[in-house]
Amino acid sequence: MVIARMRSKNFALRHLEQITNGRVRQSCFRRHSVAAFEARGLLARILAGCIGLAITILASCPLAVAQRSNQMADFASRSAIVVLGTVTKIAASEEPLLAPTNATVVIKIEQMFAGSEFAGDQTGRTATVIVSKPDDLKVGAKALFFGNPRLIGKTITIADVGELPVAGPQAQNIQQTLEPGLQARRDAPVRARLSIAQLVFRGTVESVRPLEAESKDRRSELRDEHDPEWQVAMVRVTSKVRGAEKGAVIPVVFAASRDIMWFNSPKPKLGEEALFIGHRPQEAEMTLLRSTGVLRFVEEQHPVFVTEPFDVLPASDEKRVVGLLEKKQTP
């Protein structure tokens with residue numbers, strides 16, 4: 001009897017222990033399951049955030065590139081000089097006529113993209129730059145410098161329109177990215193002449209003669225010290241662009257003087273073929289016509305004038321000029 005009771009008691013204790021251990025295991029399992037579920041949820045949220053961030057970065061890259069390209073083109077369109085250079089000194093100047101300030105830096109030019117036509121190729125030489133954002137540049141920084149000449153001597157001094165930092169990979173496509181802005185600047189003076197042009201045509205100069213020698217009224221007392229010495233070129237149209245017929249002979253008046261006021265004005269020569277952007281005489285030109293006594297010729301023959309450097313272009317520029325006129329007409 002005693003033995004039976006003891007066995008029954010031991011069995012009950014073992015059964016209770018099994019139940020307790022089972023409940024403990026179930027509780028631990030539940031706790032581990034909850035923790036694992038929460039961990040998976042956290043991981044999923046982190047992963048989703050990373051993916052979202054990556055998408056945002058990737059989506060913003062083309063926008064950032066486009067904005068930089070637009071800025072480069074805008075700066076280039078307003079700059080006569082565009083160079084790639086490395087800053088060698090800050091708050092410094094190599095131009096004796098320009099005192100150093102916080103806004104002046106000295107750079108070593110690595111490549112010229114615009115400006116060599118009047119300043120010469122400055123590659124490998126130093127230049128002083130009056131920068132627009134001096135705090136953004138440190139010694140050793142590489143950047144594109146966009147500006148206009150302030151002084152040209154042994155070295156050039158550039159008054160900057162803006163600066164853009166350049167990293168290694170970005171230096172590969174600079175010329176391509178700059179080209180729209182550089183072309184816009186090259187086109188600007190031609191557009192200005194086209195805006196007042198009466199006739200635009202390609203033609204060949206068949207004769208050139210002085211106009212003032214034909215005038216009976218020289219009125220020397222009224223002649224300007226910068227006498228233009230008007231001459232007329234008779235130009236046969238070989239290709240009409242605007243307002244002229246092929247085969248027509250157009251009288252083109254120009255200033256033959258080498259005076260400083262007229263030194264850069266076009267001077268057509270016999271046999272020359274060129275693209276002419278001719279205009280009717282402007283107010284200042286009419287005053288000179290009266291003082292030189294050739295106004296009657298102008299009133300009778302209705303010539304066009306070419307008095308600015310971009311009034312006569314190489315014949316090869318015809319396609320370019322046609323394109324500019326088409327763009328002007330596009331709404």
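Odds and ends about this structure:
- The number of residues in the range 143-174 being under 15 Å from Val87 (Cα atoms), in contact with a helix residue (DSSP H, G or I) (Cβ under 8 Å, 6 or more places away or on another chain) and not β-branched (Val, Ile, Thr) comes to 6.
- Residues in the range 285-320 that are under 14 Å from Gln198 (Cβ atoms) and either in a helix (DSSP H, G or I) or not assigned by TED's automatic domain parsing to the domain that holds Trp230 (or both): Glu285, Val298, Gln301, Asp311.
- Candidates are the residues of the range 225-248 that are among the hydrophobic types (A, V, I, L, M, F, W, C) and either outside the structural domain of Ser316 (by TED's automatic domain parsing) or surrounded by 14 or more Cβ atoms within 10 Å (Cβ to Cβ) (or both); the one that is modelled with the lowest pLDDT is Ala244.
The values are calculated or read from the model by the stated rules, or taken from the named source; none is laboratory data. Bear in mind that the values here come from a model prediction, so they are computed numbers and not experimental data. Cβ coordinates were reconstructed from backbone atoms using ideal geometry, including for glycine residues, and neighbour counts include every protein chain displayed.
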